[in-house]
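Scroll down for the structure; my scribbles are underneath it.
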């Protein structure tokens, strides 16, 4: 029984480590997609956020400052995506793909320029990372230590999901962003500034994706590496589709994918199964979720469609 409880604690701990970056990115994607702008550049925004978080953690020595700066870096890429798609009417899928190339490419270029031609940043001290809850309160390795002694952002992100749900369904801005994603022409006729709403949502999606990337380097690991984000942005997008483009649904989907990553982590500690097969678990679940549920998700009617403001 003690072994079972210990393993349950380890599974919860691994889930709480894997879920926050996915959920932050998914919440950002919800804002962009529901406003009518496809943003598949989440992966690139997470990568630049991960790099910025690691660098600012080393420079400032403060995890919270690094975390916020990473969000700003992601927001900057959100501005680029918004200008291309909203103002210049670029194809949103192609623009997002460009972001996915630009983010990692710029991160690796800057990393090599700053750290003696190395594509990895130096490892950070614990003081440079995000703080943990209840550190030192519970015995190391105990069930409660595994469940509660985790990074504070791991719990704050679930509160943020509730805040996003409230914004979506209980505020005037939320009503506007949902309407803009369905019938932008009708919204314009009612005096709603479609461009303004979409700009806010796309920039916010970049900000949240940047925070998601920073969580990886400031909590999960202690440095930036080129492969640190690979795949997580696309899993977050899959979670949004699986969750029917709502913050609540995205949170449930991210918990599922985070649980799969936790199972992968625990299973990887045993040598009975090939690590290559174990690493496939989150991606197999993602594919199955898309195959089974993508047809049931209500995609916003104007999602991905170019809107031109009338003169």
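Observations
- For region 199-219, the count of residues that are within 25 Å of residue 10 (Cα to Cα), part of a loop (DSSP other than H, G, I, E, B) and more than 13 Å from the chain's Cα centre (by Cα) is zero.
- Residue check, residue 16 surrounded by fewer than 24 Cβ atoms within 10 Å (Cβ to Cβ) and at pLDDT below 95: yes
- Any chance residue 113 is free of Cβ contacts under 8 Å to residues at least 60 places away in the same chain, part of a helix (DSSP H, G or I) and in contact with a helix residue (DSSP H, G or I) (Cβ under 6 Å, 6 or more places away or on another chain): no
- Residue 176, sole failed condition from (1) out of contact with any helix residue (DSSP H, G or I) (no Cβ under 7 Å at 6 or more places or on another chain); (2) without any contact (Cβ under 8 Å) to a residue 40 or more places away in the chain; (3) in a helix (DSSP H, G or I): (1)
- Filter result for the condition that a residue is under 21 Å from residue 17 (Cα atoms), in contact (Cβ under 8 Å) with a residue 24 or more places away in the chain and surrounded by fewer than 24 Cβ atoms within 10 Å (Cβ to Cβ), over 70, 123: 123
- Filter result for residue 134 (on the phi > 0 side of the Ramachandran plot, touching a helix residue (DSSP H, G or I) at 6+ places or on another chain (Cβ under 8 Å) and part of a loop (DSSP other than H, G, I, E, B)): yes
- Check on residue 38, touching a residue at least 24 places away in the same chain (Cβ under 8 Å), under 27 Å from residue 169 (Cα atoms) and either in a helix (DSSP H, G or I) or touching a helix residue (DSSP H, G or I) at 6+ places or on another chain (Cβ under 9 Å) (or both): yes
The values are calculated or read from the model by the stated rules, or taken from the named source; none is laboratory data. No experiment lies behind these values; they were computed from the predicted model shown. Heads up, the Cβs are rebuilt from the backbone with ideal geometry, glycines too, and the neighbour counts pull from every protein chain shown.
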